[in-house]
Every structure is written in structure tokens, then in C-alpha cells.
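The values are calculated or read from the model by the stated rules, or taken from the named source; none is laboratory data. Here the structure is a predicted model, which is why all the values come from computation and not from measurement. Here the Cβ is made from the backbone with ideal geometry for all residues, glycine too, and neighbour counts use every protein chain on show. These area figures cover heavy atoms from the full protein model, side chains too; ligands, DNA and RNA do not enter into them. Shrake-Rupley method; radii C 1.70, N 1.55, O 1.52, S 1.80 Å.
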Amino acid sequence: MDNIRKKLFFIHTYGCQMNEEDSEKLSGMLKLSGYEKTESKESADLIIFNTCCVRENAELKVFGNLWILKKAKEKNPNLIIAICGCMMQQKDMAQDIIKKFPFVDIIFGTHNAHMLTEYLNTVKQEGKSVIEIWDKEKEIVEGIPIDRGSGIKGFVTIMYGCNNFCTYCVVPYVRGRERSRNPEDIEKEIKELISKGYTEITLLGQNVNSYGKELSPNIDFADLLRRINKIDGIERIRFMTSHPKDLTFKVVEAIRDCEKVCEHIHLPVQSGSSSIIKKMNRHYTKEYYIDLIKKMKKEIPDLALTTDIIVGFPGETEEDFSETLDLVKQVEYDSVFMFLYSLRKGTPAAEMEDQISDEVKHERFNRLVDVVNEICAKKNKEYQGKIVEVLVEGTSKNDETKLMGRTRTSKLVNFTSDEDNIGKIVKVKITKANSFSLYGEEV
Ligand code: 5AD
Ligand code: SF4
């Protein structure tokens, strides 16, 4: 029986939504070549780690889990182990990994992920391991089958790479320069999703606001939003991530005018101190950012705002940090993703003097968490008594008798309703709120 059983693969994805999407493509390619997906590492014939290196702790997790795989390989020498993703694009990383973990069979990077099945054949037919990293991006490869999860919310990459070179960030080094997909390819993918029942689309890119810069005929992100808004069958359009320096008024107008584009912008500020923002090479000031927020709030009533903040960037003084606290209080974010600055080799910030001690970073981080939680609780309390539209995603994590979903403003809502409503948009009256979620009843 064993030799007619389909081969099983297991993928562990680290990091961001872009990596999730890449894993869905790896999964799509493997299914096409006869593999089946498993959620159990123990039963897998092929294990893939799709890695992230944006912060050190992501890398440490990969190393820790590789040690565990050593034992799995000893138990089952036929097991194939592949490692890919951003971490592999870093200088000398692939060589270091193969030295430390010689049992790894395949190593590839972000630019040659579409080659996975060829690499697998080499390992199986020639019994050789494959290490291949392309150091530069090539043309976008279209047509790779994507094996998606939930049939409700779909993610569609509109552009790859980043040209910004924020001084703390490895992404431009491991994901290459910006490349935008043709609008026709994006539309085609969205229509396929609609035909499978998806109702919400999130457009993905490291910096979606610079979409289309190198495309001809001319198209920019605002044009793309308007074009996608016209597609029948989508209920909601979201997008991530926006860089404040590239978010034009034309985009704000498109968000305002397009009824399917949700009233939520994720606009990473990283720091509230103009001098730190400058050292980060982000090309805006605290004043510019606050002014931009004011303009957006004026055009788009009920706009929800979320952001990313890095605590303890090199040279951050107590005064700089208090500028961040002040900005958070002024903007009143709906939610904030907070990170301790993590030194990334090869980035300019790694060479900067005045690296901040872990102790100071943690102490500031905790103070920021307190301020953010208070503000988010206040923002969420504003929803009490209101009736909101919720796209029902499934049953609630903590209480299976309840359903969960999100508002257009991306607020998580736990509420009582009928399970038949999963996948639909329902009206919910909010009865309770805390820092992280809302509670209510269908009306
Ligand atoms: N240290 C800490 N946080 C980082 N980010 C990117 N690079 C680093 C780093 N070296 C954060 C930024 C970015 C988010 C995706 O990750 O806030 O917006
Ligand atoms: Fe990194 Fe900055 Fe590009 Fe975002 S915009 S991916 S933080 S370099």
C-alpha cells in the first residue's frame, strides 16, 4: 500500500503575509506534481521551512526548529527537507545552514521559488542536495497555481520587492527591487477568487502606493483601486502596506470614492521623532505624517488607522521616544504593531553608533504598550451601541458557540449568530468592547 500512497508535504511559514502567499504557491506547485498537504510534520515525506529574517527572533525560531528536524531525518532518512524564503537570501546564510545542518536537502531563495519541483526531482533522481539562490530578481513568473486556505478572504500580490531601503530593514536586500504585476493579471486572479466564492480581497505589496511606477500604459495605485472596485462579486477591498511618503491625495480620494474599499489604512510610522524618522531614511516628518492623517480623516469619515512602531532604534533618546508616545496619543490608532529594534547585519542601522540596550528597549516598549492599550480600548468603546457590518469568518477562537468576523474597519468582533452566516456580511450590534476586540449580537 505504502508505495501507492500520495507523498505528503508539510510547510511551516514564518513571517508576513507575503511569505504566506509564497507558501500557497509552493503548495500549489506541489499539489500539481502529485503531493498532498499534511498538517502533521511526523507524517510528511517533505518538510519545507519558508523563512523570515525581518527580525532576529524569526531567525532564531528557524534555527531552533531545524535542530528538531535533525531527529526526524534520523528516524526517516527518506524525508526531504527544504528551506527557502527571505533568510536564505542573506549573504552566506545558505552555506552556514548547510554546515550546521548538513541533513538539509534543498535550499532556495525568494527569486527562484518557482523552481521547487525541479529541485525535488534532482534530489530524488540524483540523490544530490541542491543549494541554489538567485541573487537578483527576474521577470515576475505568472501562472503558478496558488493553493489558498479560507474561501472567504483572499490575498493578491500586486507588487514584489521594495526600493525604499529604510536603514533598519532587510527586505530590499532579500526581496529585490519593486516590480508591479500587470493589472490584467491581477484582475484575472481576483476573478478566479470570486468564482471560488471569496468576498474579500487584500492587495499586497511592501509599498502598494508605488504600484505601477514602471508599468506602461500608465497606471498608479489609485487607478488600480478604481479598476478593481468595478469588478462584480467582491464585497470588500483592502490593501497593505502603505508608505506615508507615497500615499497621495489621489489614493485618499480613491479610497473615499470606491464603496468596496474599506475604511482602514495601515500606515507604518515607525517613530514619532522626526530626527529618528530621518535616520531611518523614511523621508517624512512627524508633522507631515500628522497632517496626512488629518487630511485622510477629513475625507474618509470613520477611517480606522493602524501602524507599525519600532522601539529602540539606534540613537533613540528619551525625548525621541516621548515624541512617539505623543504621536500615538495624537493619532489615536485603532491598533499598533510594536517591535523592539532588531539589528540586521548588512543594513546601515547595524553600523550606527548608540545602539540601545535591551533593558532600555524593553522598558520603553512596555510604556508604549500601556499607552497603546488605553487608546485602543477607548477607540473600541466608541463602537458600543453601534450597528456594524461584519464579514463572518468562522467560529470564535475562545468560544465556539460564538461566531467571529471583522468590520470594514478591520475590528475583530465576536458575536452570536447562525453558523449558516459564515462567509456572509451580517449586521451586528456591539454590546461590549476591550482593547483588542468587540462583542455583540446579530440584529
Ligand atoms: N527591527 C524591528 N522591527 C523591524 N521591522 C522591520 N525591520 C525591523 C527591524 N530591524 C518592522 C517595521 C515594519 C514591520 C513589517 O517590521 O515596523 O513596518
Ligand atoms: Fe522595509 Fe521600509 Fe521597504 Fe517597508 S518600506 S519593506 S520597512 S525598506
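So Val174 fits all but one of (1) open to solvent by 40 Å² or more (accessible area, probe 1.4 Å); (2) within 16 Å of ligand 1 (Cβ to nearest atom); what number is the exception?
Every condition holds for Val174 apart from (1).
Can you list the strands (runs of 3 or more DSSP E) lying wholly within segment 95-195 that have 1 or more residues being within 16 Å of ligand 2 (Cβ to nearest atom)? Talk me through it step by step, then tell me what you get.
Details: elements: 106-108, 130-132, 153-157.
Passing ranges, in order: 153-157.
Return the residue satisfying two criteria in turn: it lies in segment 318-357 and is more than 18 Å from Val371 (Cα to Cα) and without any contact (Cβ under 8 Å) to a residue 12 or more places away in the chain, and of such residues it is farthest from ligand 2 (Cβ to nearest atom). Working first, answer last.
Filtering segment 318-357 for residues more than 18 Å from Val371 (Cα to Cα) gives 341-357.
Filter again for without any contact (Cβ under 8 Å) to a residue 12 or more places away in the chain, leaving 350-351, 357.
Working: Ala350: 14, Glu351: 16, Ser357: 23 Å.
Across segment 318-357, the extreme among qualifying residues is Ser357.
Does Lys91 meet the test of being surrounded by fewer than 20 Cβ atoms within 10 Å (Cβ to Cβ), in contact with a Gly (Cβ under 9 Å, 6 or more places away or on another chain) and under 20 Å from Lys124 (Cβ atoms)?
Numbers: surrounded by fewer than 20 Cβ atoms within 10 Å (Cβ to Cβ): yes; in contact with a Gly (Cβ under 9 Å, 6 or more places away or on another chain): yes; under 20 Å from Lys124 (Cβ atoms): no.
Spelling it out, it is not the case that Lys91 is surrounded by fewer than 20 Cβ atoms within 10 Å (Cβ to Cβ), in contact with a Gly (Cβ under 9 Å, 6 or more places away or on another chain) and under 20 Å from Lys124 (Cβ atoms).
When you scan segment 1-57, how many residues do you find that are β-branched (Val, Ile, Thr) and part of a helix (DSSP H, G or I)?
Qualifying residue count for the region: 1.
Open to solvent by 20 Å² or more (accessible area, probe 1.4 Å) and assigned by TED's automatic domain parsing to the domain that holds Ile83, is that true of Asn182? First the steps, then the outcome.
Working: open to solvent by 20 Å² or more (accessible area, probe 1.4 Å): yes; assigned by TED's automatic domain parsing to the domain that holds Ile83: no.
No.
Please enumerate the residues belonging to segment 97-124 that are surrounded by fewer than 21 Cβ atoms within 10 Å (Cβ to Cβ) and among the aromatic types (Phe, Trp, Tyr).
Correct list: Phe101, Phe103.
Given the conditions (1) farther than 18 Å from Leu193 by Cα; (2) out of contact with any helix residue (DSSP H, G or I) (no Cβ under 7 Å at 6 or more places or on another chain); (3) open to solvent by less than 10 Å² (accessible area, probe 1.4 Å), which single one is not true for Leu215?
The number of the failed condition is (3).
Within segment 318-340, can one find any residue that is open to solvent by 70 Å² or more (accessible area, probe 1.4 Å), touching a strand residue (DSSP E or B) at 6+ places or on another chain (Cβ under 9 Å) and not hydrophobic (A, V, I, L, M, F, W, C)?
So the first thing to find is which residues in segment 318-340 are open to solvent by 70 Å² or more (accessible area, probe 1.4 Å), and the list is 318-319, 329-330, 337.
With the extra rule that they be touching a strand residue (DSSP E or B) at 6+ places or on another chain (Cβ under 9 Å), the set shrinks to 337.
Add one more test, that the residue is not hydrophobic (A, V, I, L, M, F, W, C), and what stays is none.
The answer is no; no qualifying residue exists.
When only residues in segment 332-344 that are over 14 Å from Ala377 (Cα atoms) and among the hydrophobic types (A, V, I, L, M, F, W, C) count, which is farthest from ligand 1 (Cβ to nearest atom)? So that I can check it myself, show each step before the final result.
Step one: list which residues in segment 332-344 are over 14 Å from Ala377 (Cα atoms), which gives 337-344.
Cutting the leftovers down to among the hydrophobic types (A, V, I, L, M, F, W, C) gives us 337-340, 343.
Values: Phe337: 7, Met338: 9, Phe339: 4, Leu340: 6, Leu343: 7 Å.
Filtering segment 332-344 for residues that are over 14 Å from Ala377 (Cα atoms) and among the hydrophobic types (A, V, I, L, M, F, W, C), the one farthest from ligand 1 (Cβ to nearest atom) comes out as Met338.
Is there any pair with a first residue in segment 423-443 that is within 17 Å of Lys379 (Cβ to Cβ) and a second that is assigned to a loop (DSSP other than H, G, I, E, B) and among the charged types (D, E, K, R) whose Cβ atoms are under 7 Å apart and which are 6 or more apart or on different chains, and what are they?
Once the first residue is within 17 Å of Lys379 (Cβ to Cβ) and sits in segment 423-443, its partners that are assigned to a loop (DSSP other than H, G, I, E, B) and among the charged types (D, E, K, R) give Ile430/Lys386; Leu438/Lys411.
Yes or no, residue by residue, for (1) open to solvent by 30 Å² or more (accessible area, probe 1.4 Å); (2) hydrophobic (A, V, I, L, M, F, W, C):
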position: Lys386; (1), (2): yes, no
position: Gly394; (1), (2): no, no
position: Asn414; (1), (2): no, no
position: Glu419; (1), (2): yes, no
position: Ile430; (1), (2): no, yes
position: Phe436; (1), (2): yes, yes
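This table checks each residue for (1) away from ligand 1 (no atom under 16 Å from the Cβ); (2) at pLDDT below 95; (3) not assigned by TED's automatic domain parsing to the domain that holds Cys166.
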residue: Ser33; (1), (2), (3): yes, yes, yes
residue: Lys37; (1), (2), (3): yes, no, yes
residue: Glu42; (1), (2), (3): yes, yes, yes
residue: Leu46; (1), (2), (3): yes, no, yes
residue: Thr51; (1), (2), (3): no, no, yes
residue: Val54; (1), (2), (3): no, no, yes
residue: Lys70; (1), (2), (3): yes, yes, yes
residue: Asn78; (1), (2), (3): yes, yes, yes
residue: Met88; (1), (2), (3): yes, no, yes
